[in-house]
Amino acid sequence: MSSLQELVRPELRGQTPYGAPQLDVPVALNTNESSYPVPQVVVDQIARDVAEVAVSLNRYPDREFTRLRELLAGYLRRTTGEPVTAQQVWAANGSNEVLQHIVQAFGGAGRTALGFTPSYSMHPLISERNGTTWVDGLRDADPSKFDLDGDLAVDQTRRHDPELIFLCSPNNPTGTALDLDIVRRVYDATERAIVVVDEAYTEFSREGTPSAVSLLPGRDRLVVSRTMSKAFAFAGARLGYLAAATEFSDLLRLVRLPYHLSTVTQAVACAALEHTDTMLAMVDKIKTTRDDLLEGCAALGLQPVPSDANFVLVGGFDDAAATWQALLDRGVLVRDVGIPHHLRITAGTPEENDTALRALRAVLEGEYA
Ligand SMILES: *Cc1c(COP(=O)(O)O)cnc(C)c1O
């Protein structure tokens, strides 16, 4: 008899599943959610719209999620000024599923994906789980620098000649947005790689940071992925999307499961998009509290990395794992992303930030007393 461990696909043997801790703590600042609840007017709209579609749940949903794509395209047009059409847009249950569709369509056995570490841990995970070889590229020759070095990115692109390249802007977990010139140069350094720019946090970017959506015209291999999980305060709804060439989005129909977006998901996401301004109302406030959090950490003698996102990567800890645990003991859950001496802290409400900073101060004073 074989154990299931022996029967499972070889590349899965001994692997552990994705698992950011979901703990019941007073202050959860570990998964970059919005700390603000969905506004009541949107809650009411969602309740009405879900009640309206509930009677038709005997039928499969609109496989083409037509209305949702139109609303998403409208949102992209309005916020980027670019002529994005509904046919260019694709959506799925979270941008993780969008990324998985891309890997299923363009990666796979015998193919390679390149990313620049440290970056979003799901890029390698989704690639490898789907049989794609992952190459851990460097962001900078000096590992203590987190901005992506353009020359180095181009060199690595040429050297590895991958089928897929993941860029992340603003980058998770380091926080800064990418100069579009680097996206252009990486794209031009290869004739065959699909270049994915993961813009999960783009709405939190500092003033004057353009979206890679502006680079789409004339670049058929470029894809910009987005999510409603962060700026839209909608992580529980599971709705991610992308913009790319129409032909690209058309190809993803080959790998999606039939009717992958439920009628309920479509209704809920459309309701939120109809209230875009209300849903995004907290973004400016979060940008301010992020900057306050950054300054608060600097005032404690720590080394926060500049951020275009709703989180701050903070360096300067003697022992990041021990600090993580000590903060948790004080009811504050942050993220140990595995970068030595660093922790990632999501910007919370002003009260949550204060609690986190007070806990940090107490821990640091204990540490160095
Ligand atoms: C949070 C995050 C996502 C969002 O994933 P969803 O599946 O849409 O919730 C995607 N990319 C990055 C870099 C993220 O940090």
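Structure data summary
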read-out	value
Charge dipole magnitude, Cβ of K and R +1, D and E -1 - the range 40-274, Cα centre, debye nearest 20	540 debye
Residue-averaged 222 nm ellipticity for the chain, from DSSP H runs of 4+ at -39500 (n - 2.57), nearest 500	-11500 deg cm²/dmol
Extension gain from S262 to Q87, taking 0.36 nm per residue of separation minus the Cα-Cα distance	61.1 nm
Backbone N under 18 Å from the H341 label point (7 Å along Cα→Cβ), restricted to the range 285-305	297-305
Estimated inter-spin distance, S214 and R63, nm [label 7 Å along Cα→Cβ]	3.8 nm
For the range 54-131, average projected area of the Cα convex hull in nm²	7.6 nm²
Taking all pairs of distinct alpha-carbon atoms in the range 134-275, Kirkwood radius in angstrom	16.5 Å
Cα-based convex hull, the range 248-363, per residue volume (Å³, whole number)	174 Å³
Per-residue SASA entry for T323, accessible area with 1.4 Å probe, Å² rounded to 10	0 Å²
Area accessible to solvent at L125, 1.4 Å probe radius, in Å²	40 Å²
Accessible area, probe 1.4 Å, largest first, for residues R256, R358	R358, R256
Reachable lysines, given that their alpha-carbon falls under 25 Å from the alpha-carbon of K230 and they are not under 8 places away in the same chain	K285, K287
Accessible area per residue in Å² at 1.4 Å probe, computed on the chain	45 Å²
Stokes-Einstein D (µm²/s) once Rh is taken as the Kirkwood radius of the chain over alpha-carbon pairs, at 4 °C in 1.567 mPa s	60 µm²/s
Restricting the range 26-119 to GluC sites (Glu not before Pro) in coil, as DSSP defines it, with at most 13 other Cβ within 10 Å	E64
Hz values of 3J(HN,Hα) by residue in the range 36-51 - Karplus curve (6.51, -1.76, 1.60), Gly and Pro given as x	9, x, 5, x, 4, 5, 6, 4, 5, 4, 4, 4, 5, 5, 5, 4
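The values are calculated or read from the model by the stated rules, or taken from the named source; none is laboratory data. In this text, all values refer to a predicted model and were calculated from it rather than measured experimentally. A quick note on method: Cβ atoms are made from the backbone with ideal geometry, for glycine too, and the neighbour counts reach across all protein chains shown. Note: areas computed on protein heavy atoms with side chains; ligands, DNA, RNA excluded. Shrake-Rupley method; radii C 1.70, N 1.55, O 1.52, S 1.80 Å.
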